[in-house]
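This report refers to the structure that appears directly beneath it.
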């Protein structure tokens, strides 16, 4: 949470943090801007002090909505600095030198926010070389801002709940839409007699999302049969929807510009083959086992290991034994979500993963079993929230139904 | 264009380029992936050779759609590397060491694609230190990939044209929607008798975009009166739509996951005050003057200077004289657009801007005059394409009409 920033900076030995860039695709910057609709800038926070926002002059109205202390970038007369320095890199460094001087930024300074990798390297190296009182710091994983974002405050949980409510509505409406179709030769057909395809279903889902002001910047998975057996296969638009095939429907939209939700249901229309049914209820039992084992202080890799062990005991190949397996359990059991679809906490099974479950964490629980060679896959995904008292709440209001009967 | 990459690498003395990250919000990586729907990976291109794509094992199906030479990341057994190295940074470096060894990547290597700034700095510094045969390179502006992206091939122009066709439809439909409303006391009213607000208009615009599978990840400006006088003011949702006020309508959507368009029209409903009318036709004449002056080889800053001079001659304050001005002409005259809404070429007026107009460039021409203190602003924005023969095509199929009569 934002209120943890000073403590997290202290733990990291940071005197200041600079979060920069364009806001688009930059959740750490968006996070610091409290929902204001600006396109770029720098948030500068010294430990123990309120942050500043250095904004573009043409966004001075929108910058007010950040609630931060404002600095209009035009006060630094970049044109004059550029003329003086001649070179873009030197001018860029000089601008930050003056800004840091004015704000008293020195010591260990962490840099955050999305930038082109090579550009960030060149700039931060030059900045560190030019500013003797500044030590440039960065964090490859579990960075200051990522960790703060990983635990949600009440307002953020409310926004995720609302995204969840709308997303679950879309899932229910999608299933109702499928059930309304006629069936010919085990295939769903539209009013004009042509087979209902995945492309048509996705069109309908897009419409359901648009009505609710949900957007899916990262796509949508609606995959059937063999494709359902490959976790990130988004589904072939031309495939017809047939009875008795496993359908993996994974939807991860956000409210426009806001917080994501993420849920997956697997189902078969009409009937389910016995081997799919067996695997389905194993995956469902695994969801329950993981949620039951979730508690504050638990290592997230222990939840990944629990999942691997759960499936191993039932005879499935798992990724902890064979990293290259394409069959069985092949991914990690969850991920945090918020302003990004994948964020802290992560559930890597690697031994160096020391992350623990914390109050305020919101994450997916999404075990799955994949058998592309046998033409099916099953994944079930709920979102849980660990509240301030450590109680675990499932935010996904959807039933677990393998077989969806046609009307 | 992609076909220029080898030449651009040669100019920069680069032996290889690595374009990495998550695809979301990462147009340089998306560009290299030829439209494939994958979520992350590394594209590695040695000069004079076809690129490789190092992909996630669970995205092996989608990776095929890149058409690139594929390397499944799981062949490097990251879990074993992590166990061996113990530390995430060291393991990350070791993975790239092995990968570069296998592909023969050495010499001057440029790194591109969006990453957390501090993380990129820490990683690339460690990589450079660990790999004696690799010199880590980066470019703060006009990077290899940005410059390649800046000139569009025929397929890209076709996609921008299609985004433009749909965007112009939305603008026309929005104006038709406004014209259908009743007017009471100079204010547009809805069927239930309440004032039509900017929020309601934006809802309708969102609906028009959703119908066309356009998305606006960066928002939408529909600002009236004084707010129209501040370039990036997105408009106050509660403001009623009134006659005789300047409305700046700036819309910059993309087709889902694809290419952006960007256009602005300013209009007044019913009638226009004389001072708005005067300024409107000055801005319109400036659009024409900039397009007429556009030719291959022209410095983009000369087009910015032309715009400043054009408005200065007509008595307006301009940003080249006073960087801090909030009134008159206060921004740059255009920007390239493509997979990002703002990309090469840029039109900075600074003396170090040596960019020239090139065949394949697609960019906005968007002079504007802003007088928030007098309660209005005017901007007109078209998109032009410079074809392979240097001919300039206006891709914006919309009239210039200041006064929109109510029905």
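We did not get these values from a lab; they are worked out from the coordinates using the rules stated. What you see is a predicted model, and the numbers here were worked out from it, not measured in a lab. As a convention, Cβ positions derive from the backbone with ideal geometry for all residues, glycine included, and neighbour counts pool all protein chains shown.
Laid out as a table, the results:
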| read-out | value |
| --- | --- |
| Burial ordering of A:295, A:169, fewest other beta-carbon atoms within 10 Å first | A:295, A:169 |
| Compactness of chain B, expressed as Rg and Dmax over alpha-carbon positions, Å | 24.3, 76 |
| Estimated 222 nm signal from helices in chain A, with DSSP H stretches of n ≥ 4 weighted -39500 (n - 2.57), rounded to 500 | -10500 deg cm²/dmol |
| Estimated inter-spin distance, residue B:153 and residue A:351, nm [label 7 Å along Cα→Cβ] | 4.8 nm |
| Relative contact order (%) - criterion: Cα under 8 Å, at least six apart; region: chain A | 15 percent |
| 16 Å reach of a label modelled at residue A:69, 7 Å along Cα-to-Cβ, counting backbone N of the stretch A:35-51 | A:42-51 |
| Packing-based exposure ordering (other Cβ within 10 Å, fewest first) of B:247, B:205 | B:205, B:247 |
| Whole-Å distance, taken between Cα centres, linking the stretch B:130-201 and the stretch B:261-337 | 19 Å |
| Rounded to 5, the percent of DSSP beta bridges in the protein assembly as shown classed as antiparallel | 75 percent |
| Cα-Cα separations in the stretch A:231-344 greater than 26 Å, expressed as whole percent | 29 percent |
| Cβ neighbours within 10 Å from other chains - mean over B:119-132 | 5 |
| Rg ratio (alpha-carbon, reference 2.2 N^0.38 Å) - the stretch A:157-219 | 1.31 |
| Other copies of residue B:407: label-to-label distances in nm, shortest first, labels 7 Å along the beta-carbon direction | 3.3 |
| Contour excess over end-to-end distance, with Cα ends at residue B:389 and residue B:165 and 0.36 nm allotted per residue | 78.3 nm |
| Rounded Å value of the spacing that divides the Cα centres of the stretch B:1-34 and the stretch B:362-400 | 29 Å |
| Within the stretch A:361-389: backbone nitrogen closer than 14 Å to the residue A:309 label point (7 Å, Cα to C-beta) | none |
| Relative intensity, log₁₀ I(q)/I(0), of the stretch A:249-314 from a Debye sum that treats every alpha carbon as a point, q = 0.15, 0.17, 0.21 Å⁻¹ | -0.69, -0.83, -1.00 |
| Beta bridges by DSSP in the stretch A:1-119, antiparallel share as percent, to the nearest 5 | 55 percent |
| Cα coordinate range in the stretch B:101-211, projected on the principal axes (Å, largest first) | 75, 35, 23 |
| Fraction of antiparallel bridges per DSSP, chain A only, in percent to nearest 5 | 75 percent |
| P(r) tail fraction, the protein assembly as shown - alpha-carbon pairs more than 50 Å apart, % | 17 percent |
| The stretch B:288-407 shape via C-alpha gyration tensor axes, a/c threshold 1.5 | oblate |
| Per-copy distances of the residue A:132 label point, shortest first, in nm (7 angstrom along Cα→Cβ) | 3.3 |
| Copy-to-copy label separations for residue B:98, where each label sits 7 Å from Cα toward Cβ, in nm and ascending | 4.9 |
| For the B-to-A rotation axis, chain B residue with nearest beta carbon and its distance in angstrom | B:25, 1 |
| Sorted largest first, extent of the stretch A:1-52 alpha carbons per principal axis (Å) | 30, 17, 17 |
| Between 0 and 90°, nearest 10: helix B:300-313 axis offset from chain B longest Cα axis | 20 degrees |
| Neighbour-count order for B:141, B:174, A:266, fewest beta carbons within 10 angstrom listed first | B:141, B:174, A:266 |
| Rounded to whole Å, sorted largest first: equivalent-ellipsoid semi-axes of the stretch B:2-148, Cα gyration tensor | 22, 19, 14 |
